[in-house]
Amino acid sequence: MLAEQLGWRFLEADDFHPAANIEKMRNGHPLTDEDRWPWLDCLRKQIEQLFSAGENAVWPVRRLKRAYRDCLRVSDEVKFIFLRGDLRSSKSQLRSRHRHFRTRPLLQSQFDDLEQPQQDENGLTIELGRTPEEIVERIEAKLNLAGSG
């Protein structure tokens, strides 16, 4: 919805996982850092290509550690929007996503690994518990992009 509102590309980060990661998640097993690094490297290359082409995109990526965000931050123009909520509100939000690996152990492992963004990371935090339309509105306002796109 955010990508559509801004006129940006939408890319699903899960589509860039290697087959072994997808199989592991389908079987309800959380990924390790070792599993994630090749995927993060692939995402970083995709972000670099988008920047080279002058394109903007929205990529949903869940529960990143700071080291993961640092890997993906190829420029100060890369913005991370942290949708903050408890386990219950996150489960509710994920139900609306298609093709998502949403087993309870996976979501819990993401909460266990979560490193909330720090002030020096120049990210945006949006609280869950609102409608998708309200969340998009808040993101646009915080990005100061309302009306552009």
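Once R0 is set to 41 Å, what does the formula 1/(1 + (r/R0)^6) return for the Cβ-Cβ distance between residue 108 and residue 49, expressed as a FRET efficiency to the nearest 0.05?
Between residue 108 and residue 49 the formula returns 0.75.
Can you give me the distance in nm between label points at residue 115 and residue 42, each placed 7 Å from the Cα along the Cα-to-Cβ direction?
Those two pseudo-labels are separated by 2.3 nm.
Given a 1.4 Å probe and heavy atoms of the protein chains only, how would you sort 59, 39, largest accessible area at the top?
Accessible-area ranking of 59, 39, largest first: 59, 39.
Give me the number: length gained by fully extending residue 134 to residue 57, i.e. 0.36 nm times residue separation minus the C-alpha to C-alpha distance, one decimal in nm.
Between residue 134 and residue 57, full extension yields an extra 25.7 nm.
Determine the share of the range 2-76's accessible area contributed by carbon and sulfur atoms, expressed in whole percent, with a 1.4 angstrom probe.
47
The values are calculated or read from the model by the stated rules, or taken from the named source; none is laboratory data. For clarity, every value in this text was computed on a predicted model and none was experimentally measured. Virtual Cβ from ideal backbone geometry, glycine too; neighbours counted across all protein chains shown. Surface areas here come from the heavy atoms of the whole protein model, side chains and all, with no ligands, DNA or RNA. Shrake-Rupley method; radii C 1.70, N 1.55, O 1.52, S 1.80 Å.
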